[in-house]
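Undergrad: Questions regarding the structure given below will be posed in turn.
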Amino acid sequence: MRLTLHTDYALRLLMYLAVKPDGRATIREVAETYGISRNHLVKVAHELGRAGFVETLRGRGGGLRLAHPAEAIGIGKVVRAMEEDFRLVECFDPQTDRCRIGPSCRLKRLLREALEAYMEVLGSATLADLVEKPKPLRRLLALTA
């Protein structure tokens, strides 16, 4: 299983907001800190906003902030909201399934179980778990208290 850059950036943006002392940041600030595309991060922030994970603040001192406490933001929920496709193999989608061995194949079941276990682990964590020790993250991100 591999997450898209979109999801990777979403998780990093949420972590940044969670450890930033005032909890607010601009897209430019986050993009420069991580050395990632500002344009891509705009799309990520928009999607996080639509999914209810971040709020957009307008005007002077605006930017982004978490829409909920870090303890209430489930990593599994974020991943599900950001990822478009969890079809690990062709046979996961009845529309594209052309596999000849489908009726006697055990691989599909095994991969489905693996995906469910993967999502269960992600579902057991919150954003607060990822930033439980904020000092090292703040230091690496050059954020001051």
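The values are calculated or read from the model by the stated rules, or taken from the named source; none is laboratory data. Predicted model, so just to flag it, every value in this text is computed and none were measured. Note: ideal-geometry Cβ built from the backbone for every residue, glycine included; neighbour counts use all protein chains shown. Accessible surface is based on the protein model in full, side chains and every heavy atom, while ligands, DNA and RNA are left aside. Shrake-Rupley method; radii C 1.70, N 1.55, O 1.52, S 1.80 Å.
Undergrad: Once phi is turned into ³J(HN,Hα) by the Karplus curve 6.51 cos²θ - 1.76 cosθ + 1.60 with θ = phi - 60°, what whole-Hz value does each residue of the stretch 96-111 show in order, with x for glycine and proline?
TA: 10, 5, 10, 6, 6, 9, x, x, 10, 8, 9, 4, 4, 4, 4, 5
Undergrad: Considering only Leu127, Leu88, Leu11, give the residue with the highest GNM mean-square fluctuation for the chain, with springs between Cα atoms whenever their separation is below 10 Å.
TA: Taking springs between Cα atoms under 10 Å, the residue moving most is Leu88.
Undergrad: Let me ask something additional. Starting from the Cα of Glu71, step 7 Å along the direction of its Cβ; do the same at Arg109; then give the gap between the two resulting points in nm.
TA: My value for the distance between the label points is 4.2 nm.
Undergrad: Any idea which of Cys99, Met119, Val78 is furthest toward the positive side of the dipole for the chain, if Lys and Arg beta-carbons carry +1 and Asp and Glu beta-carbons -1?
TA: Val78
Undergrad: While we're here: If I take every Cα pair under 8 Å that is 6 or more residues apart in the chain, average their sequence separation and divide by the length, what percent do I get for the relative contact order? Write down the numbers at each step before the final one.
TA: Details: 156 pairs, mean separation 45.2, N = 145.
Averaging sequence separation for qualifying contacts and normalising by length gives 31 percent for the chain.
Undergrad: Can you give the net charge of the other residues whose Cβ lies under 11 Å from the Cβ of Cys91, counting K and R as +1 and D and E as -1?
TA: Values: positive: Arg87, Arg98, Arg100, Lys108, Arg109, Arg112; negative: Glu90, Asp93, Asp97.
Net charge in that neighbourhood comes out at +3.
Undergrad: Something else about it: Of all accessible surface on the stretch 1-77 at a 1.4 Å probe, what whole percent is carbon and sulfur?
TA: Of all accessible area on the stretch 1-77, carbon and sulfur atoms account for 47 percent.
Undergrad: Moving on. For the stretch 27-43, what does the Karplus curve 6.51 cos²θ - 1.76 cosθ + 1.60, with θ = phi - 60°, yield as ³J(HN,Hα) per residue in whole Hz, taken in order and with x for Gly and Pro?
TA: Working through the residues one at a time gives 4, 4, 4, 5, 4, 5, 4, 8, x, 10, 5, 5, 4, 5, 5, 4, 5 Hz.
Undergrad: Now a separate question. Sorted by accessible area (1.4 Å probe), largest first, how do Thr126, Thr4, Thr56 line up?
TA: Thr56, Thr4, Thr126
Undergrad: Enter the accessible area per residue of the stretch 23-89 (Å², integer; probe 1.4 Å; all protein chains in place).
TA: Counting only protein heavy atoms, the per-residue value for the stretch 23-89 is 59 Å².
Undergrad: If you don't mind, another one. If you take the beta carbon distance between Asp22 and Arg98 as r and set R0 to 35 Å, what does 1/(1 + (r/R0)^6) give as a FRET efficiency, to the nearest 0.05?
TA: The calculated FRET efficiency here is 0.05.
Undergrad: In terms of modelled amide H atoms, which long-range or inter-chain residues lie less than 5 Å from the amide H of Leu64?
TA: Ala25, Thr26, Leu57
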